[in-house]
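So the structure is just underneath, and the comments pick up after that.
The values are calculated or read from the model by the stated rules, or taken from the named source; none is laboratory data. If you're wondering where the values come from, they're calculated on a predicted model, not measured in any experiment. Counting neighbours? That spans all protein chains shown, and the Cβs are built from the backbone with ideal geometry, glycine included. Calculation scope for accessible area: heavy atoms of the full protein, side chains included, ligands and nucleic acids excluded. Shrake-Rupley method; radii C 1.70, N 1.55, O 1.52, S 1.80 Å.
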Amino acid sequence: MRVLERLRQAYLVADLRSLALGRLGLAGVLIVDLITRALVLRDFYSNEGLLPNHTLLWRPERLPVFSLFFAASSPAMAALGFALCGAAYVCLLVGYRTRLAQFLSCVAVVSLHARVFYNGGDIVLGELCLWTLFLPLGRRYSIDAALEARRAVAAGAPPTTVAPGSPAASQQLTTPAIAVVLGQLFFIYLLNAIHKNGVTWREGSAVHYTLHQDTIVTLVGLWVRGWITPGISRVLTWSTLAIEWTLPFLLISPLGLKATRRAAQVLAATLHLGFVVFIDLQMFTPAMLAFLPFLLRSDDAAAFERWWTRRWAWLRARTPLGALAATAGRALDAIAARTPRHEPSPTDPQVPILGALARGLNGARHLVLLALVGLAVVGLVADNSRNWHGPRWLDQAASYLQMYQRWSMFAPEAPRTDLNLAIDAVTVGGRHVDPFNEAASPPHPFPGQVIPPRLDQSPLFVEWALRIPWIPEYHQAFKEWMLRYHERTGRPEDRIVSFKAYVVEDDSPPPGERTPLNPRARVFFEYQE
């Protein structure tokens, strides 16, 4: 029995406080993702942009995809959709109608990602939303929990929520969904480590070459690559590999659970915060960090709660937050009074039916989770097999749900070439302009046929630029976007009469050198009025 209890604690037990902290982290990442996309809403979520909905529906990048944003044609309609997504995310953040907010947030994030080109970070975020659908994220630190406690007091009944400072056992629940979240994280790290088997990882030059990717390098990374030596690159490269190989086994170890989980959290935070400092991996890093609160054990969650309780008492006493909290408390009291707790009488003959219905819904939820886990496992095998890629229905299901399981960032090799797009457009007034880089890379509005250090591009422009030269079906939409340049600037003399679009590439310098090699450019599309 000791062994079974140890396994249950390791793989099936979640702390309600940890789930609540995970909800706050997940909602925060979703809001940041939404804001990032809102900044380029017109260019990517309306028919005035680079990817009109009819173009993507006619020629989707992947198999058929689902997105509610395919119904939005104008920027105003897309903005309304963004506002609805934001409302769902805020409800998830504060824990209001949490179960519904979880579902709507999952639909929202899948719709936002499927409307444009998405990447590994988007997939991580979508899968975290999907798996946490099966976890009760609103039982602590939420409006739902506060209202339930007030309604219970008003009804003279014991609350179904757990009060702060309650014993650890009362803060825990046993659920297979937490094992699925743990398993997803395990395979992300394990497969990334397995696939990093190329020369750049073995010889220790991967970090050097990654820092020479001007589309993703940060200001700190740009500075560091100016003096990093081959020896330092080897240390950082092999440290990254060591962490990615160590993390999966720390995550699933049932031995020394407290120490191994804490070590896993520290290593994962170190790895991803290092990414933040040196390279911009878009939503991958925030989404991976959003997994970490779900790994907190009860003693660590209790320690956080004690710290926050003291800190919150200090803030309430010394800052305007005290008055704001009192106002919020009165508002919750009023809402709870107007929506009293409804509990059927024990003598009500419908009670057994309601109980059976509740048990049936819970069973159905577990069946859906089991089906999705089965789909993920089959996809895991198909995505990482050389000879078997699964049936067509598997590809379709994975495409709709964005449940891809081939984790191979910078693998098997770190990239050793860099790429950007450059446009040489001529306006009716005779000016030469580059509408793409004006929008995608404001610090370098007309780079010409060279790649500037640190492009600082929006993630959606990066993903678009990596694909568009090789998908001619999207070139018509690109041309139309280019020819609307004068509408965006508001200057009739900026009407474009001709342009050439170039793919610009260079080779990263070898370790110990600083200057890119073999710069080259080729025209992939041109227009003449």
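May I ask for log10 I(q)/I(0) of the range 21-152 at q = 0.20 Å⁻¹, from a Debye sum over the Cα atoms as equal point scatterers with solvent left out? Results for the range 21-152 at q = 0.20 Å⁻¹ read -1.09. As a calculated quantity, the FRET efficiency between THR229 and VAL378 at R0 = 41 Å, using C-beta atoms, amounts to about 0.35.
The equivalent ellipsoid that matches the C-alpha gyration tensor of the range 406-529 spans semi-axes of 29, 16, 13 angstrom, in descending order. Most tightly packed first, judged by the mean number of other beta-carbon atoms within 10 Å of their residues, the peptides 276-283, 122-129 read 122-129, 276-283. Dipole of the chain computed with +1 at Lys/Arg Cβ and -1 at Asp/Glu Cβ about the Cα centre; of ALA501, THR246, PHE284, farthest Cα towards the positive end is THR246.
Inter-part distance, the range 358-385 to the range 111-160, computed on C-alpha centroids, equals 20 Å.
Within the chain, the cysteines lacking any other cysteine Cβ closer than 4.7 Å to their own Cβ are CYS85, CYS91. Each part reduced to its alpha carbon centroid, the range 507-529 and the range 429-457 end up 14 Å apart. For the chain, the relative contact order comes to 20 percent (Cα pairs under 8 Å, sequence separation of at least 6). Taking TRP58, TRP245 and ordering them by how much accessible surface each has at a 1.4 Å probe, largest first, produces TRP58, TRP245. The range 233-270 to the range 461-505: how many Å between their Cα centroids? Their Cα centres are 44 Å away from one another.
Per-peptide packing, taken as the mean over residues of other Cβ atoms within 10 Å, places 304-313, 288-297, 458-467 in the sequence 288-297, 458-467, 304-313 from highest down. About its Cα centre, the dipole of the chain is roughly 1940 debye, where the only charges are +1 on Lys and Arg Cβ and -1 on Asp and Glu Cβ. For the pair VAL497 and GLU526, label points projected 7 Å from Cα toward Cβ lie 1.7 nm apart. For the range 159-289, the convex hull drawn through the C-alpha positions has a volume of 152 cubic angstrom per residue.
Percent of accessible area on the chain owned by carbon and sulfur, 1.4 Å probe? After summing per-atom areas, the C and S share lands at 66 percent. Projecting label points 7 angstrom from Cα along Cα→Cβ for ASP299 and ARG59 puts them 6.0 nm apart. Among the trypsin sites (Lys or Arg not before Pro) found in the range 1-71, those both in a DSSP coil and sparsely packed, with 16 or fewer other Cβ atoms within 10 Å of their Cβ, are ARG62. Kirkwood hydrodynamic radius of the chain, from the reciprocal of the average inverse Cα-Cα distance over all distinct pairs: 25.9 Å.
Taking each residue as 0.36 nm, the span from ALA331 to GLU203 lengthens on full extension beyond its C-alpha to C-alpha distance by 39.9 nm.
Please label the shape of the range 55-101 as rounded, prolate or oblate, based on the square roots a ≥ b ≥ c of the eigenvalues of the alpha-carbon gyration tensor (a/c under 1.5 means rounded; beyond that, a/b larger than b/c means prolate, else oblate).
Taking the square roots of the gyration eigenvalues as a ≥ b ≥ c, the range 55-101 is oblate.
Aspartates and glutamates within cross-link reach of LYS196: Cα-Cα under 17 Å, excluding same-chain residues under 8 positions apart? Leaving aside aspartates and glutamates fewer than 8 places away in the same chain, those within reach of LYS196 are GLU244, ASP383, GLU413.
What the chain shows is 46 Å² of accessible area per residue, with the surface traced by a 1.4 Å probe over protein heavy atoms.
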